[in-house]
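Novice: I have a structure I would like to understand better, so I am pasting it below and will then ask my questions one at a time.
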Amino acid sequence: MTSPRSAAVIRLEASARTRLGLFTWEQAKALRVPESLLTYHSRPGGRWGRILPGVYELTALPPNRRRPLLAALLWAGEDAVLSHRTAAGILRLDGVGAPTIELWARRVRVPTGLTVHRGRVGREDTATSGPLRHTSLLRTVIDLAGVLDEDTLELVVESALRRDRHLEPALAESGRKGAGALKRVLGRRPTGCPPTDSELETRYLQLIRRADVPAPIRQYPVHDEDGRTVGRLDLCWPEVGLWVELDGRIWHDRPQALLYDRHRQNDLATRLQWLPLRFTWDDVMKRPGSTARLTELAYQRRVQGRPNGLTS
């Protein structure tokens, strides 16, 4: 026969498994788990582990990257919302790392590993991803505008616009902290242009702003003789017949993707009679100076009417 204490533990652990293996002291108390039993099972090597004040995990479960995020919400209370860099990570926005867990909350005493922005977020600015409550896409970008440098903010903005092109007017109208930085970043975008296609494209655009070349056209469509779209160029300068293709870290490392890209480049080059330049993640991130100089040189040679003259 199961003892009342054992039954309470079974109920508590069953409940915790529905929340990524987490429970709070208040939940344990509501299920009539004695404090002495909580202390006993939370000792080093025990079946439970205390990860934040009043928040415990089942130690037998495998690691889960969302567990610390949900633990922070359980610690902070029902009106808390994951935010800033943490929300950006959940939303998979470009360029942002999260050294600590950030959230909007009204708690005062904050444990190590959490960054609390004190305040309350309205329901219209809140979204959920599975069990996680976080700021919406729009609110996340607006919050980040107050804490990021402008180049990193541009990475965030372009990736957010990839998810929702209709965000741009709302971002431009923001009156919160960082509104000036947000307007300046939006001002880098030519009117009506599509968002970049990847983080690498955004970083390349940032790089060539220091070179003596005009801003390229993004996602330029190429049509066949019947007017059908047969491809798109990442970035190009139609006035001189020059385009750039960027090979990202993951997709272009796959042999089939590399083969497809080479066939595609040959086909488009033949159709257009333009000069293609191809850069990798390492070209942009580890060799920025030479990448910018090569782009500038290719552009200037095309302007001078020497399309094949990259060497004297």
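The values are calculated or read from the model by the stated rules, or taken from the named source; none is laboratory data. Just so it is clear, the model here is predicted, and its values are computed rather than measured. Please note: Cβ atoms are built from the backbone with ideal geometry, for glycine as well, and neighbour counts cover all protein chains shown.
Novice: Enumerate the helices (runs of 4 or more DSSP H) found wholly within the stretch 1-61, keeping only those where 2 or more residues are touching a residue at least 40 places away in the same chain (Cβ under 8 Å) and outside the structural domain of Arg107 (by TED's automatic domain parsing).
Specialist: Answer list for the stretch 1-61: 4-17.
Novice: Continuing with the same structure: Given (1) in contact with a strand residue (DSSP E or B) (Cβ under 6 Å, 6 or more places away or on another chain); (2) free of Cβ contacts under 8 Å to residues at least 60 places away in the same chain, where does Gly227 come up short, assuming only one miss?
Specialist: (1)
Novice: For residues that are β-branched (Val, Ile, Thr), at pLDDT 80 or above and assigned to a helix (DSSP H, G or I), scanning just the stretch 262-296, find the one that is farthest from the chain's Cα centre (by Cα).
Specialist: So the residue we want is Thr295.
Novice: Here is a follow-up. In the set Arg85, Arg162, Arg120, Arg109, which member is out of contact with any helix residue (DSSP H, G or I) (no Cβ under 9 Å at 6 or more places or on another chain) and part of a helix (DSSP H, G or I)?
Specialist: None of the other options fit; the residue is Arg162.
Novice: Within the stretch 103-110, is even one residue outside the structural domain of Ala14 (by TED's automatic domain parsing), over 30 Å from Tyr40 (Cα atoms) and of a type in the set (Gly, Ala, Ser)?
Specialist: Yes, some residue in the stretch 103-110 is outside the structural domain of Ala14 (by TED's automatic domain parsing), over 30 Å from Tyr40 (Cα atoms) and of a type in the set (Gly, Ala, Ser).
Novice: Right, next: For the stretch 62-82, enumerate the residues that are part of a loop (DSSP other than H, G, I, E, B), within 17 Å of Val121 (Cβ to Cβ) and at pLDDT 95 or above.
Specialist: Ala80
Listed here are the residues, each with its yes/no results for (1) more than 22 Å from the chain's Cα centre (by Cα); (2) closer than 30 Å to Arg287 by Cβ; (3) hydrophobic (A, V, I, L, M, F, W, C).
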residue	(1), (2), (3)
Ala160	no, yes, yes
Leu182	no, no, yes
Tyr220	yes, yes, no
Asp224	yes, no, no
Arg228	yes, no, no
Gly241	yes, yes, no
Asp247	no, yes, no
